[in-house]
Amino acid sequence: MRRTTLAAATIIGIVIAALPAAPAAAATAPSWADVLRARGDEAAASRQAEQIAALVAELEETTATAKANAAARGRELQVAQDAADTAAGRFDTLTAQADEARADAAGAEEQIASWSAYLSRSAGRDLTVSITADTDDLLSRLGTASKVTDTMNTALGDAATKAGTATALSKQAKAAKRKRDQLRNTAAGAFTAASTAATAAAAAEATQRSRQRELTDQLAVLRNRTLSTEAAYTEAERRRAAAARAAAAAAAAQAAQNRPQTPSNPGAVSASGWTMPITSYSSYQAYGNRLHPVLGYYRLHAGDDFGAACGTGLYAASAGTVTYAGPYGGYGNLITIDHGGGVTTNYAHMFTAGVQVTVGQRVNAGQKIAEVGNAGLSTGCHLHFEVRQGGTATPPTPFLNGKGA
């Protein structure tokens, strides 16, 4: 109960930390009419300019804070996911060891049963003669009934030891499973927090771009005192119309981007709807435990690495919905796509500018979503690609092969 409470508290703490602090009451942006009226009064123009400059600084601070929060949540997500992956690896190892120990114990029991049956059949006969005449196997080398008895006792002890080992490993595996599930839940909470923070950062940056453009234009008109009022108004209207057109174009471009696009990668999409996330690469490193090239210690490499020039196109391995697109600690930036049925794919190490999708966007198999980068703990431009089933990492290439990709 205490572990469950702690896990829940951890998740709640992460989610609360991800929520942006309530902003202070923002100063009201002046209208263009306010700006034009202020031009005729030196003091009013100065006050208006100070107000606009303060608004610009506020926008920049809000965006910087949102980005810093997204980066922090991304680091927490990576740490939580690494911990969950490590626990999953320990569970898998202990499960395999327990299965092997059970098989050994069963083999020992079968051998004992075989010997017991032979001894039963040999009752009333000269055991030594029977051994010599009937078999070339282990019993033929025991020599005497006493030796058989000693060997049987040893075998019984060995079987008991193996059975005990299997039981102990099974208990350890159950404990490891509980730890894995606990850490998986923590990682899920961290994912939600990081996704929320990344979305908030993107929205803050978009707001800054749109509002700062108009505020900068207003400031320029205030400072250009040589324009007549009529000319200033005309210039203000021109700038405002241009800003409106730019905003409409940006909205249309975003709407177009959010519509699933025709596959753009040169690789074929399989009948099951899967394809390779990268079609041109110079090196490959598979999933598995390895010595981390930067950190210098062994850890699970939970995906496949494809070395390629920065800027090389990356594509959605299958159709789905983008559930994360943002910073991810040592992985630089991460894109996560949910394909349904508990299957997700991760694409990492892109530069910020190389991330070309947003959270909530639907994508098709083979649609370009990003470009290869070298962000985070990386020794060269490459894609780190993961496939997860129910949150647990699985070797990506065998999975894609099984899907015909």
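Select, from ALA194, ALA200, ALA163, the only residue that is touching a strand residue (DSSP E or B) at 6+ places or on another chain (Cβ under 7 Å) and either part of a helix (DSSP H, G or I) or at pLDDT 80 or above (or both).
Only one candidate qualifies: ALA194.
If you go through region 313-331 one residue at a time, how many are farther than 16 Å from ALA202 by Cα and touching a Leu at 6+ places or on another chain (Cβ under 9 Å)?
Within region 313-331, residues that are farther than 16 Å from ALA202 by Cα and touching a Leu at 6+ places or on another chain (Cβ under 9 Å) number 5.
Which residues, taken from region 345-376, are closer than 20 Å to GLN78 by Cα and surrounded by fewer than 20 Cβ atoms within 10 Å (Cβ to Cβ)?
Residues satisfying the conditions are PHE351, THR352, THR358, VAL359, ASN374.
Whether any residue in region 385-396 is touching a strand residue (DSSP E or B) at 6+ places or on another chain (Cβ under 9 Å), at positive phi and at pLDDT below 95 is what I want to check.
Yes - at least one qualifying residue is present in region 385-396.
The values are calculated or read from the model by the stated rules, or taken from the named source; none is laboratory data. What you are looking at is a predicted structure, and each value in this text was computed from that prediction instead of being measured. All Cβ positions, glycine included, derive from the backbone under ideal geometry; neighbour counts span all protein chains shown.
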